[in-house]
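Some notes on the structure that comes next.
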Amino acid sequence: MIDRKIALDTAAGHAKRWLDSLDTRQVPPQATVAEVIKELGTELPDGPTPAPEVVDLLATACEPGLTAMPSGRFYGMVIGGAHPAALAADWLVSAWDQNSAMRQVTPAHSAVEDVTSAWLLDLLGLPAGSAVGFVTGATMSIFTCLAAARDAVLQRAGWDVATRGLSGSPRIRVLVGAQRHDTVDLALRYLGLGAPQPVAADDQGRIDPGALAEALEQGPRGMPAIVVLQAGNLHSGAFDPFPRAIAVAKEHGAWVHVDGAFGLFAAASPKTRHLTAGYERADSWTTDAHKTLNVPYDCGMAIVADRAALRAAMSIRTDYLMQDTEGDPFETVPEMSRRGRAFTVWAVLRALGRSGVADLVDGFCRHAAAFAEGIATIDGATVENDVVFSQVCASFGSDQRTADVTARLMADGTTWMTGSRWRGKAVLRVSVSNWSTTDDDVARSLDALRKAAAP
């Protein structure tokens, strides 16, 4: 017991020093994989090592190889930070060590999950009776929602995939915007549905409802169909035109899924809610709490309007489980063993409240606009997207110069903005999604970018 207390105190000390260093440390890691391995050592010890020593070695060896992702100057991959309430709650999740799969076994988590699910649906303006499954992240949220979609559209066609499998089943058409996120394709591959059919999108990545209607018309009448729309394009932050696109899909009997890994929370702010107008008429939605909501990793949400469809796709019955007549959390997700993911989401929602979540979203948008304004003043720079949410893409003339600017910026270490390709050209991508980003962080990052772009 003393060993455990010392180990926890040691870990807390290292965690505090790490967090305290974020304002001044360089954002990129300062050690390579090989260097960290050397510090850790490669030989498995013959005997035990006291827990405090293990924790101290791990923290000391790994710290130079850590990227300052929780920093207010990290703008890569739309991954957010960890809000203090959610971070502290996550420590409790590990200490409590609950396998939060069944209501009767873990009533505390089930109670929190019930409350949190209701809060989320209310905050996002989604149907109150929807099922919410707490999964690992956006990829598994898409997988979970599309599993429900696959089974439901095949059921309508008279095919029970749960008993008959996919072999010999009617083919399902899956239509997606040309600029959807690649994890949609990945989830479809996991589900045995193959590659989707891309539909034309505009210059900001928004699906063209007319092209969607034409594509649906060209398919065989009565063929099962799923349409995947997007709330927040990876590069532009743009949102699909939901009222028209969903209406077209519904006219053809398609299940509609909305991938809103970071964009779904636009619905939580009066200033950005118009971007999600009409999306509540879809059948399922994906979001990831470690992005816009700033919850630690391992916390996506799969939301499905038809609770029975989700449970039909995900649940099992077996004699050894203490299953509840009201349904259990594991019946809405792929795993039976899982962390208490709802604890951290409840914590951040309780800490921020309705107005705080709106302020969080508005802050991201305000910082993104400031980046766009600042980049526009740099000689030779072009902001490539209409900045409507939290994403900014910029180029600096030729692809080579854009790549050079990106490399110099990363070498400087003040900030993290990575390169990408969008609409056939190299771009520098800025994703604002950290609760701790300040005006000073934005100013320091822009100063570093100006230096990197200087002749």
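Read-outs: derived from the displayed coordinates by stated rules, not from any lab. Note that the structure is a prediction, hence the values are computed from the model and not measured. For neighbour counting, all protein chains shown are included, and Cβ atoms are generated from backbone atoms with ideal geometry for every residue, glycine included.
Worth a mention:
- Shape of the stretch 391-452 from the C-alpha gyration tensor: oblate (a/c of 1.5 or more and a/b not above b/c, with a ≥ b ≥ c the square roots of its eigenvalues).
- Look at TYR75, TYR190 and count the other Cβ atoms within 10 Å of each Cβ; fewest to most, that gives TYR190, TYR75.
- Computed from backbone phi, the HN-Hα couplings of the stretch 100-111 come to 8, 9, 10, 4, 6, 7, 10, x, 4, 5, 4, 5 Hz, rounded to whole numbers (Karplus: 6.51 cos²θ - 1.76 cosθ + 1.60, θ = phi - 60°; Gly and Pro given as x).
- Size descriptors for the stretch 343-441: radius of gyration and Dmax over Cα atoms are 15.6, 48 Å.
- Prolate/oblate/rounded label for the stretch 2-68 (Cα gyration tensor, a/c 1.5): oblate
- Solution diffusion estimate, µm²/s, Stokes-Einstein, the stretch 88-348, Kirkwood Rh from C-alpha pairs, 20 °C, viscosity 1.002 mPa s: 115
- Per-residue ³J(HN,Hα) for the stretch 279-295, Karplus 6.51 cos²θ - 1.76 cosθ + 1.60, θ = phi - 60°, Hz, x for Gly and Pro: 6, 5, 7, 6, 9, 7, 8, 10, 8, 9, 5, 7, 9, 4, 7, 6, 9
- Projecting the Cα atoms of GLY380, THR402, GLN218 onto the dipole axis of the chain, where Lys and Arg carry +1 and Asp and Glu carry -1 at the beta carbon, places GLN218 farthest toward the positive end.
- Residues with amide H under 5 Å from that of GLN98, placed H, sequence gap 5 or more: GLY340
- When +1 charges are put on Lys and Arg Cβ atoms and -1 charges on Asp and Glu Cβ atoms, the dipole computed for the stretch 359-453 relative to its Cα centre reaches about 420 debye.
- Given charges at beta-carbon only (K, R positive; D, E negative), |dipole| of the stretch 2-68 in Debye: 240
- Oblate is the label for the stretch 243-339, because the ratio a/c of its alpha-carbon gyration tensor axes (a ≥ b ≥ c) is 1.5 or higher and a/b is not greater than b/c.
- Amide H partners (placed H, <5 Å) of ASP288, local residues excluded: MET301
- For the stretch 159-225, projected area of the alpha-carbon convex hull averaged over all directions, nm²: 5.0
- In this entry, the chain is assigned a mean projected area of 24.2 nm², taken as a quarter of its C-alpha convex hull surface.
- 5 angstrom amide H check on VAL174, placed H, neighbours 5+ away: GLN197, ILE226
- Fewest-first sequence of CYS145, CYS299 by Cβ atoms within 10 Å of each Cβ: CYS299, CYS145
- Set of lysines near LYS38 by C-alpha distance (under 30 Å), chain-local residues within fewer than 8 positions excluded: LYS5, LYS16
- Each Lys and Arg adds +1 at its Cβ and each Asp and Glu adds -1 at its Cβ; summed about the Cα centre, the stretch 41-119 shows a dipole of about 420 debye.
- In the chain, a dipole from Cβ-located charges (positive for Lys and Arg, negative for Asp and Glu) runs towards its positive end, and of GLY363, PHE143, TRP255 it is TRP255 whose Cα lies farthest in that direction.
- By the count of other C-beta atoms within 10 Å, a proxy for reagent exposure, HIS109, HIS181, HIS83 are ordered fewest to most as HIS181, HIS83, HIS109.
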